[in-house]
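Participant: The structure under discussion is supplied below as structure tokens; questions concerning it will follow.
The values are calculated or read from the model by the stated rules, or taken from the named source; none is laboratory data. Note that the coordinates shown come from a computational prediction; the quantities given were computed from them, not determined experimentally. Heads up, the Cβs are rebuilt from the backbone with ideal geometry, glycines too, and the neighbour counts pull from every protein chain shown. For the accessible areas, the whole protein counts, side chains as well, though only heavy atoms, and no ligand, DNA or RNA atoms are used. Shrake-Rupley method; radii C 1.70, N 1.55, O 1.52, S 1.80 Å.
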Amino acid sequence: MATDELAARRELRGQKLSINALVNRTLRSLIARLSGQHFGGERDLYEQCGYPVDITPQDYVAQYLRGDLAARIVDAYPDATWREAPIVKTTGTTEGDDDPFQAAIDELNNRFGLWSVLHRLDLLTQLGHYGVLLIGLDGGAPLDQPVDRDKFGLLYLAPFGEAQAEILRWESNTSSPRFGKPELYRLTAGPDWKGIGGMQRNLTVHWSRVIHVAERALDDESIGLPRLERIWNRVMDCEKLLGASAEIFWQNAAPTRAWMADADTEFSPDDQADMEAMFEELYHGLRRDVRLRGVTPQSLVQAVADPSGHLDKQLDFIAGATGIPKRILIGSERGELASEQDENNWAARVTERRNNHATPHIIRPTIDRLIRYGVLPEPVGGYDVEWPESDALGEEKRAMIAKTKAEAVAAYVSIPGAEQVVPPQEFRRWLGEAEESEFEPPEPALELDERDPEVAAAFAQNRRRIANATPRTLYVRRNVLNAEEIRKHFRAQGLETMVPAEEMHVTIAFSRAPVDWMKVGEAGTHGDDGRMVIRPGGPRVVDRLGPKKEAIVLMFASSELCWRHEEIKRAGASWDWPDYQPHITITYEGDPELDVEQLEPYRGEIVLGPEIFEELTEDWSDGLTETRRR
């Protein structure tokens, strides 16, 4: 009798917790309703705008299945999180070690698609307040009873969203570590589809057979925040804007006419019927002319509103509320800099989500439970979950870092005796690398003997170069190697005088301030001859430069020249102008009456020679003589 009474009390406490959960959901609904109240309740914004107060899990699923924007928002985080599979291995093992635990994880993934299933579980969790993963075991007690032993085989892994996983009872025992957590679920399993065996069935399942996942939980760790809840109103606004704009276009694409009858015109019923028939053929058939008497057509002015500005604002709010950069959300480019910054921010968020949600709330609970039930072997010393490194810096920044490191290494190894001042281990630490490389260095191809006259001369030259690294003014240029082609292009457009082919160049640095040339270093590798090629096409403009706009120049885009210019400035060089724009001067004696906008830019390949370092010559233009057209 005491046992029955205790069971009845537990059942009552479970019912109270279920009621509390219902009360909490009702309270959320009430808060949502109040958030739409303005002017002391005189205006209900939700009612006026058509926003629902209560959003059910079925609503989230329906919006995901039919709503393009909603589906993109829901998919974004799970797809990015699970794009690369995690690596689960025994603690302390390295790549190549014999690790039975990692092998068992790989086998489980091969048989049951572990990472794909967890990806689906993560996605379903976004469509409600929680998601669950049903672990199917071979044998043991019924599904509504606790797992009764610790050695099972795995039959299946089945993810469910809140819409298919109702919480029937909560743990009511205040002495239990699971107090206030779900105890029993009703899972709606099976495909709701046509065909034999396609019917759905309800299963009552004990908590020990499921993994419960909730993201962004607030007062209750079992109840998270659906991905679409905060931005539901904005998604509806986007649908209104797009649907309304399509309807407006449909209504106004064809011109609307008023058929104005003359004042003295009278129509018989037959005339009216004939006119209506012709109008039907005109608007719904292939008829393009009408024959009328006493009627004059008059087109009506129609206004078609452009929704793009309003839609753009809605997307801004959605991107801000979800943390998904707008460029990532809608897949559009807004310039290289913005794109790179968005990629970096997004990669950092994905890394954070992997470490703070996917690993502790999805992967570890699943693997721990499978170890407990004997599906996986227990690793000696525990296990680690590692994710492939996310490219949070972006490709461009990584390339720049790699280039800078390569140039630093080249400068270090080219200076004899550098290792006496900065040991290799310290230099590697400066580069952010381990003091010792994991790779064996290659055998030296040549043993240098300083007694050899040629070797001694090379060492002496390096020493002189270091000794002579006195700061001085700096002018860096690259000569144009295919200048004759460019001259020919502009000669055909009537330019009378032009800079000689051997004088055409691109200026990279013009520093009146003294600078240490050795700090500037050399440009990136462009082959053995140091050439640089600007590919055909891209932005090309003919414009005027100079104090009196006397110079006619060909401007072109080159991120590499701009980067090199900034690199030289960081080494201490000055620049007299506010901006740097790569260009080739075509003539310094341009006709002031010539409209340069009428000149067609040269759009072919531009071949530049190696960098030439010189000291500034203030009167450099005195010796320049332009050649006249012959």
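Participant: Filter region 567-611 down to residues that are surrounded by fewer than 13 Cβ atoms within 10 Å (Cβ to Cβ) and either closer than 30 Å to Thr473 by Cβ or not charged (D, E, K, R) (or both) and give me whichever is modelled with the lowest pLDDT.
Facilitator: As a first pass, look at region 567-611 and keep what is surrounded by fewer than 13 Cβ atoms within 10 Å (Cβ to Cβ): 570, 576-579, 592-593, 595, 597-598, 600, 605.
Those still in the list that are either closer than 30 Å to Thr473 by Cβ or not charged (D, E, K, R) (or both) too: 570, 576-579, 592, 598.
Details: Arg570: 89, Asp576: 89, Trp577: 87, Pro578: 87, Asp579: 89, Pro592: 81, Gln598: 88.
By that ranking, first place goes to Pro592.
Participant: If a residue has to be part of a loop (DSSP other than H, G, I, E, B) and under 26 Å from Arg353 (Cβ atoms) to count, how many in region 61-92 make the cut?
Facilitator: 7
Participant: Which one is modelled with the lowest pLDDT among residues in region 512-546 that are of a type in the set (A, V, I, L, M) and open to solvent by less than 40 Å² (accessible area, probe 1.4 Å)?
Facilitator: Ala523
Participant: Looking at His119 and the list (1) assigned to a helix (DSSP H, G or I); (2) in contact with a His (Cβ under 7 Å, 6 or more places away or on another chain), which single condition is not satisfied?
Facilitator: (2)
Participant: Here is a further query. Being more than 27 Å from Leu225 (Cα to Cα) and assigned to a strand (DSSP E or B): is that true of Gly136 here?
Facilitator: Yes; evaluated as a whole, the condition is true for this residue.
Participant: Let me ask something else. Kindly indicate whether Ala141 is in contact with a Leu (Cβ under 7 Å, 6 or more places away or on another chain) and open to solvent by 20 Å² or more (accessible area, probe 1.4 Å).
Facilitator: On the way: in contact with a Leu (Cβ under 7 Å, 6 or more places away or on another chain): no; open to solvent by 20 Å² or more (accessible area, probe 1.4 Å): yes.
So Ala141 does not fit the description; no.
Participant: Let me ask something additional. What number of residues within region 139-177 satisfy the criterion of being closer than 30 Å to Leu65 by Cβ and outside any strand (DSSP E or B)?
Facilitator: Here the count works out to 4.
Participant: Next question, about the same structure. Identify, by number, the condition in (1) under 32 Å from the mean Cα position of the chain (by Cα); (2) more than 30 Å from Gly320 (Cβ to Cβ); (3) modelled with pLDDT under 85 that Ser245 doesn't meet.
Facilitator: Result: Ser245 fails condition (2) only.
Participant: Go through region 73-96 and report how many residues are charged (D, E, K, R) and crowded, with 18+ Cβ neighbours inside 10 Å. Outline the logic, then answer.
Facilitator: Within region 73-96, the subset charged (D, E, K, R) is 75, 79, 83-84, 89, 95.
Among the residues that remain, those that are also crowded, with 18+ Cβ neighbours inside 10 Å are: 89.
Total meeting the criteria: 1.
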